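*Asks:* Please see the structure below; I have some questions.
The values are calculated or read from the model by the stated rules, or taken from the named source; none is laboratory data. Bear in mind that the values here come from a model prediction, so they are computed numbers and not experimental data. Neighbour counts run over all protein chains shown; Cβ positions are idealised from the backbone, glycine included. Only protein heavy atoms, including side chains, enter the accessible area calculation; ligands, DNA and RNA are left aside. Shrake-Rupley method; radii C 1.70, N 1.55, O 1.52, S 1.80 Å.
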Amino acid sequence: MLSVLFSLLLVVFSTPAHALDVSKVDAGTVERLVGGGQLIFVEEHANGKLKLVTGSVMVDAPPDKVWAVISDFESYPEWMPQTSNVEILRTNGNAHDTQFTLDFKFSVITKRVQYTLRNVMFPPNRIAWTLVEG
């Protein structure tokens, strides 16, 4: 089976569009870094403030099965931590405006984050997105 690197944007504090270009990293290097678990990338602005956090995991599944899961946005609350709701607001061809609601709980403190992404689908291996709101 193919191992597929699946990267999810977790937190964004900078410009609306981001991409992690993992195509320039060979699969063996990624597999050694992940070591069968998760890999977290943290980017900071020059002043030290958080810019972007991306989580990755190696998935031992064929690409079509991975695509079926990651392109089913409304199922994210079933398997994505802190994701409480996902709603597709509009569809136009291969573009979907999708609203995500995340609920973070830290001891007695809770924080709700809501944002809308325009996800453009390029099956079977890429979803490009831009921030619409949030």
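Rundown of residues vs (1) of a type in the set (Val, Ile, Thr); (2) farther than 23 Å from Ala68 by Cα, yes/no style:
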{"site": "Ala95", "(1), (2)": "no, no"}
{"site": "Phe100", "(1), (2)": "no, no"}
{"site": "Lys105", "(1), (2)": "no, yes"}
{"site": "Val108", "(1), (2)": "yes, yes"}
{"site": "Lys111", "(1), (2)": "no, yes"}
{"site": "Pro123", "(1), (2)": "no, no"}
{"site": "Arg126", "(1), (2)": "no, no"}
{"site": "Glu133", "(1), (2)": "no, yes"}
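*Asks:* Kindly check whether there is at least one residue in the stretch 43-58 that is open to solvent by 90 Å² or more (accessible area, probe 1.4 Å), in a strand (DSSP E or B), at pLDDT 75 or above and farther than 19 Å from Met80 by Cα. Working first, answer last.
*Replies:* Going residue by residue through the stretch 43-58, those that are open to solvent by 90 Å² or more (accessible area, probe 1.4 Å) are 44, 46-47, 49.
Subset that is in a strand (DSSP E or B): 44.
Right, trim to at pLDDT 75 or above and you get 44.
Of the ones still in play, those that are also farther than 19 Å from Met80 by Cα are 44.
Within the stretch 43-58, one or more residues are open to solvent by 90 Å² or more (accessible area, probe 1.4 Å), in a strand (DSSP E or B), at pLDDT 75 or above and farther than 19 Å from Met80 by Cα.
*Asks:* Got a number for residues in the stretch 95-123 being open to solvent by 70 Å² or more (accessible area, probe 1.4 Å) and either part of a strand (DSSP E or B) or polar (S, T, N, Q) (or both)? First the steps, then the outcome.
*Replies:* Going residue by residue through the stretch 95-123, those that are open to solvent by 70 Å² or more (accessible area, probe 1.4 Å) are 105-112, 114, 118, 122-123.
Within this subset, residues satisfying the condition of being either part of a strand (DSSP E or B) or polar (S, T, N, Q) (or both) are 105-107, 109-112, 114, 118, 122.
Selection size over the stretch 95-123: 10.
*Asks:* Assuming Ser84 fulfils every condition listed in (1) surrounded by 13 or more Cβ atoms within 10 Å (Cβ to Cβ); (2) over 25 Å from Gln38 (Cα atoms) apart from one, which condition is it?
*Replies:* Of everything listed in (1) surrounded by 13 or more Cβ atoms within 10 Å (Cβ to Cβ); (2) over 25 Å from Gln38 (Cα atoms), Ser84 misses just condition (2).
*Asks:* For the stretch 66-78, state whether one or more residues are open to solvent by less than 40 Å² (accessible area, probe 1.4 Å) and part of a strand (DSSP E or B).
*Replies:* Taking every residue of the stretch 66-78 in turn, none turns out to be open to solvent by less than 40 Å² (accessible area, probe 1.4 Å) and part of a strand (DSSP E or B).
*Asks:* Also: Evaluate the stretch 82-96: report whether one residue or more is touching a helix residue (DSSP H, G or I) at 6+ places or on another chain (Cβ under 6 Å), among the hydrophobic types (A, V, I, L, M, F, W, C) and more than 22 Å from Asp26 (Cα to Cα).
*Replies:* yes
*Asks:* Kindly indicate whether Glu31 is of a type in the set (Asp, Glu), at pLDDT below 85 and touching a strand residue (DSSP E or B) at 6+ places or on another chain (Cβ under 8 Å).
*Replies:* Yes: the conditions hold for Glu31.
*Asks:* A further question on this structure: With the requirement that a residue be open to solvent by 30 Å² or more (accessible area, probe 1.4 Å) and not in a strand (DSSP E or B), what does the stretch 30-42 give you?
*Replies:* Selection gives Glu31, Arg32, Leu33, Gly35, Gly36.
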